[in-house]
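Single-structure report; data block below.
Please treat every number below as a calculation from the coordinates, not as lab data. What you are looking at is a predicted structure, and each value in this text was computed from that prediction instead of being measured. Cβ coordinates were reconstructed from backbone atoms using ideal geometry, including for glycine residues, and neighbour counts include every protein chain displayed.
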Amino acid sequence: MTLAGRTHAVTGKAWLDHEWSSELLPQDAQGWDWIGINLHDGGALMAFRMRGEKDSALWSAASYRPENGATQTFPHAAVEFQPLRHWRSPRTAINYPVAWRLRVGNRHLELHTLMPDQELDSRHSTGAIYWEGAVRVLENEREVGRGYLEMTGYGEKIRLG
């Protein structure tokens with residue numbers, strides 16, 4: 001890394017979030033919940049659900065890639081998001097789930113935010129208010145990974161385009 005003209009050797013972990021589409025959103029969708037997890041055993045898990053009104057799952061899916069294996073995909077029936085605890089933003093009064101139970105196939109995980117206040121207010125740019133940030137992932141009360149959670153549509157219905 002170069003800082004103020006000096007080069008420094010660094011190590012660590014980083015996260016790259018690249019959105020590949022914001023245009024394919026059903027008209028009855030309120031928002032979405034998305035999680036990307038780097039597992040401590042070298043694997044990775046991604047789960048996603050599109051929410052309608054009253055927290056109903058319109059669509060969901062997941063994929064799991066073990067460290068040295070083929071990616072396995074999971075259909076809607078095999079993926080379930082269940083909120084466990086909420087946090088209310090002092091700025092917008094939006095109520096966000098900040099702890100989740102996530103079922104993907106036979107795996108039962110718990111997601112806990114590293115800190116509850118990770119709300120992004122982008123009304124002056126994209127127009128959306130949403131929550132995205134870092135989470136710990138537990139399985140059988142033991143941390144098995146860290147990840148990134150994104151939640152939209154908890155205040156107003158998400159609008160794209």
Subject >> Whether region 28-151 is rounded, prolate or oblate, judged on the alpha carbon gyration tensor where a/c under 1.5 counts as rounded >> reply: prolate
**OP:** Determine ³J(HN,Hα), in whole Hz, for all residues of region 128-143 in sequence, where each value follows from phi through the Karplus function 6.51 cos²θ - 1.76 cosθ + 1.60 and θ = phi - 60°; x replaces Gly and Pro.
**Re:** 9, 10, 8, 10, 8, x, 7, 9, 9, 10, 10, 9, 6, 6, 10, 5
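Take each of the peptides 72-78, 134-140, average the number of other beta-carbon atoms within 10 Å over its residues, and list them starting from the highest. Spell out each step's value before the answer.
Working: 72-78: 13.0, 134-140: 16.1.
My ranking of the peptides, most packed first, is 134-140, 72-78.
Neighbour counts of other C-beta atoms within 10 Å: give me 3, 58, 102 arranged from fewest to most.
3, 58, 102
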**OP:** Grab the Cα-Cα distance for residue 41 and residue 13, subtract it from 0.36 nm times how many residues apart they are, and report the gain in nm with one decimal.
**Re:** 8.6 nm
**OP:** May I ask you to sort 37, 129 by Cβ crowding, counting other Cβ atoms within 10 Å and putting the fewest first?
**Re:** 129, 37
**OP:** Name the long-range amide H neighbours of residue 144: under 5 Å, sequence gap of 5 or more, or other chain; modelled H, no Pro or chain starts.
**Re:** 137, 138, 139
Subject >> Gaussian network model of the chain, springs between alpha carbon atoms under 10 Å - residue of 122, 60, 89 with greatest fluctuation >> reply: 122
Subject >> Neighbourhood net charge (14 Å Cβ-Cβ; Lys/Arg +1, Asp/Glu -1) for residue 92 >> reply: -1
**OP:** Enumerate the calculated ³J(HN,Hα) couplings along region 75-80 in order (Karplus 6.51 cos²θ - 1.76 cosθ + 1.60, θ = phi - 60°), each rounded to whole Hz, writing x wherever the residue is Gly or Pro.
**Re:** x, 3, 5, 9, 10, 9
Original post:
If you build a Gaussian network model of the chain, linking Cα atoms that sit under 10 Å apart, which residue out of 40, 124, 108 swings the most?
Top reply: 124
Subject >> Longest site-free stretch - the chain; sites: chymotrypsin sites (Phe, Trp or Tyr not before Pro), DSSP loop, at most 16 other Cβ within 10 Å >> reply: 21-161
**OP:** Would you work out the relative contact order for region 28-151, in percent, from Cα pairs under 8 angstrom that are 6 or more residues apart?
**Re:** 21 percent
Subject >> Among 101, 85, 142, residue whose mean-square fluctuation peaks in a GNM of the chain (springs only between Cα atoms under 10 Å) >> reply: 142
**OP:** Please work out how much length the chain gains when fully extended from residue 78 to residue 157, using 0.36 nm per residue of separation minus the C-alpha to C-alpha distance, in nm with one decimal.
**Re:** 25.9 nm
